[in-house]
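Some notes on the structure that comes next.
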Amino acid sequence: MGFKIAIAGATGNVGREMLDIIAERGFPADEVVALASRRSQGTEVSFGDRTLKVQAMENYDFSDTDICLMSAGGTVSKEWSPKIAAKGCVVIDNSSAWRYDSDVPLIVPEVNADAITGFSKKNIIANPNCSTAQLVVALKPLHDHAKIKRIVVSTYQSVSGGGKEAMEELFNQTRAIFVNDPIEPSKFTKRIAFNVIPHIDDFMEDGYTKEEWKVLAETKKMLDPAIKVTCTAVRVPVFIGHSESVNIEFENEISADEARNILREAPGCLVIDKHEDGGYITPYESAGEDATYISRIREDATVENGLNLWVVSDNLRKGAALNTVQIAEVLINRGLITPKKAAA
């Protein structure tokens, strides 16, 4: 007996990616329901070789649904996730609404799958920020080997992290430059075409942005609260794929060769690291792929036990949709939930 799964926010970038991934991975679902706001009701979305008609989440009864993959934004999740969870449907949320709640596990299956057992407190599980997800996949095996003390991260994040409107703005601005049309930034604070913007999300009092704070807080929650983390988040004119330059200081000795060998064996990681032209991965090549790619592994001689890494991943997949589906798979594979239909 398979599960009944609902995708909330099925018309968005991540929601559509979730539907694709569920179909690709042969997820054990007897029924998949596409949900969105009332204005999207009746819209059709692709699911494998079929199409699904979108239903309005406001009118949907979750009482016979096992898992809701929530990708409808933080405001919607804050209101709806507790209501859905109260119906006995486990919510796996892709927004920042529940990540810092001590009663809600924040999960990347390759990193801290065992923490998932805490989901029963609220029937909600949080998916991390897209830039944090790929970062901790690369850091976890290295931390287990040599214990990380401090991380300095600079992110180079694609516009798809800002949704469909952000992708359209990059496309429209790029076209406008070539035909000499005026450019008026809307989604972004400055022109994004042929430019980079050192600003993602709102500024906080200490000068960091919320996006940068998320990387700090989520890395500590999932990996180790003792790790010191600092981050600069930058938006770049790339459609899909986040990149990160990561400088790591360890407590114990670790060489670049050791790190390569460890990462080659680590779940979710794919090392492409040749000291030659093109011997590394770029975001363009990561698009549509599940792996977290690691390149440019080298020792940092300016600190004791230091390494540098280049980490790249498709932010819509591992950074969001894939990780959410993997969390659902952990719930099922560990027998933490059973289909309601079977129980009935």
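The values are calculated or read from the model by the stated rules, or taken from the named source; none is laboratory data. Predicted model only: the values in this text are computed from it and were never measured. Note that we place each Cβ from the backbone using ideal geometry, even for glycine, and neighbour counts take in every protein chain shown. Calculation scope for accessible area: heavy atoms of the full protein, side chains included, ligands and nucleic acids excluded. Shrake-Rupley method; radii C 1.70, N 1.55, O 1.52, S 1.80 Å.
Under unit Cβ charges (Lys, Arg +1; Asp, Glu -1), what dipole magnitude, rounded to 20 debye, does segment 178-270 have relative to its Cα centre?
Details: 11 positive and 17 negative charges, 77 e Å.
Dipole magnitude for segment 178-270 comes out near 380 debye.
Charges only on Cβ, +1 for Lys and Arg, -1 for Asp and Glu: so what's the dipole of the chain about the Cα centre, in debye to the nearest 20?
Working: 38 positive and 49 negative charges, 184 e Å.
Computed charge dipole of the chain: roughly 880 debye.
Search the structure for amide H atoms under 5 Å from the amide H of R298, placed 1.01 Å from N in the peptide plane, and list their residues when 5 or more places away or on another chain.
N308
Going by a ≥ b ≥ c, the root eigenvalues of the Cα gyration tensor, does segment 44-104 fall in the rounded group (a/c under 1.5), the prolate group (a/b larger than b/c) or the oblate group?
Values: a/c = 2.06, a/b = 1.62, b/c = 1.27.
Prolate is the answer for segment 44-104, as a/c is 1.5 or above and a/b outweighs b/c.
Write down Rg/Rh for segment 149-227, rounded to two decimals, with Rg from the C-alpha atoms and Rh from the Kirkwood relation over Cα pairs. Working shown, then result.
Working: Rg = 15.9 Å, Rh = 14.6 Å.
In segment 149-227, Rg relative to Rh is 1.09.
Would you work out which of G163, P182, T302 lies farthest towards the positive end of the dipole of the chain? Charges go on Cβ: Lys and Arg +1, Asp and Glu -1.
G163
Per-residue HN-Hα couplings for segment 204-219, Karplus 6.51 cos²θ - 1.76 cosθ + 1.60 at θ = phi - 60°, whole Hz, x for Gly and Pro?
Rounded to whole hertz, the list is 9, 4, 7, x, 6, 9, 4, 4, 5, 5, 4, 4, 4, 5, 6, 4.
Per the 1.4 Å probe, what fraction of the accessible area of segment 69-144, in percent, lies on carbon and sulfur atoms?
49
On a 21 Å Cα-Cα criterion, which of the cross-link pairs K140/K210; K220/K318; K4/K214; K83/K340 come out too long?
Working: K140/K210 23 Å; K220/K318 19 Å; K4/K214 32 Å; K83/K340 18 Å.
Violating the 21 Å limit, Cα to Cα: K140/K210; K4/K214.
Under the rule of -39500 (n - 2.57) per DSSP H run of 4 or more residues, summed and divided by the residues of the chain, what mean residue ellipticity at 222 nm is obtained, to the nearest 500 deg cm²/dmol? The partial results should precede the final answer.
Details: 10 runs with 105 residues, N = 344.
Helices in the chain give a 222 nm mean residue ellipticity of -9000 deg cm²/dmol.
³J(HN,Hα) across segment 179-192 via Karplus (A = 6.51, B = -1.76, C = 1.60, θ = phi - 60°), whole Hz, x for Gly/Pro?
9, 6, 8, x, 10, 10, x, 10, 6, 9, 6, 9, 4, 9
What whole-number distance in Å separates the alpha-carbon centres of segment 15-43 and segment 309-335?
Between the Cα centres of segment 15-43 and segment 309-335 lies a distance of 16 Å.
What is the sum of charges around A193, taking Lys and Arg as +1, Asp and Glu as -1, for the other residues whose C-beta is under 9 Å from the C-beta of A193?
+1
State to the nearest 20 debye the size of the charge dipole of segment 200-344 about its Cα centre, where the only charges are +1 on K and R beta carbons and -1 on D and E beta carbons.
Working: 16 positive and 26 negative charges, 190 e Å.
It comes to approximately 920 debye.
Just the number please: accessible area per residue for the chain, 1.4 Å probe, all protein chains included, in Å².
On the way: 15470 Å² over 344 residues.
Computed with neighbouring chains in place, this is 45 Å² per residue.
Quick one: net charge of D224's neighbours, Cβ under 13 Å, K/R +1, D/E -1?
On the way: positive: K140, K147, K149, R150, K220, K221, K228; negative: D144, E218, E251.
Taking every other residue near D224 into account, the sum is +4.
Helix 13-24 against the longest principal axis of the chain: what's the angle in degrees, Cα atoms only, rounded to the nearest 10?
Its long axis makes an angle of about 80 degrees.
Just want the answer: with Cβ charges of +1 for Lys and Arg and -1 for Asp and Glu, which residue in Q55, G319, I272 is farthest toward the dipole's positive end in the chain?
Q55
How many angstrom lie between the C-alpha centres of segment 94-115 and segment 49-86?
19
Of all accessible surface on segment 178-272 at a 1.4 Å probe, what whole percent is carbon and sulfur? Write down the numbers at each step before the final one.
Numbers: 2670 of 5230 Å².
Roughly 51 percent, rounded to a whole number.
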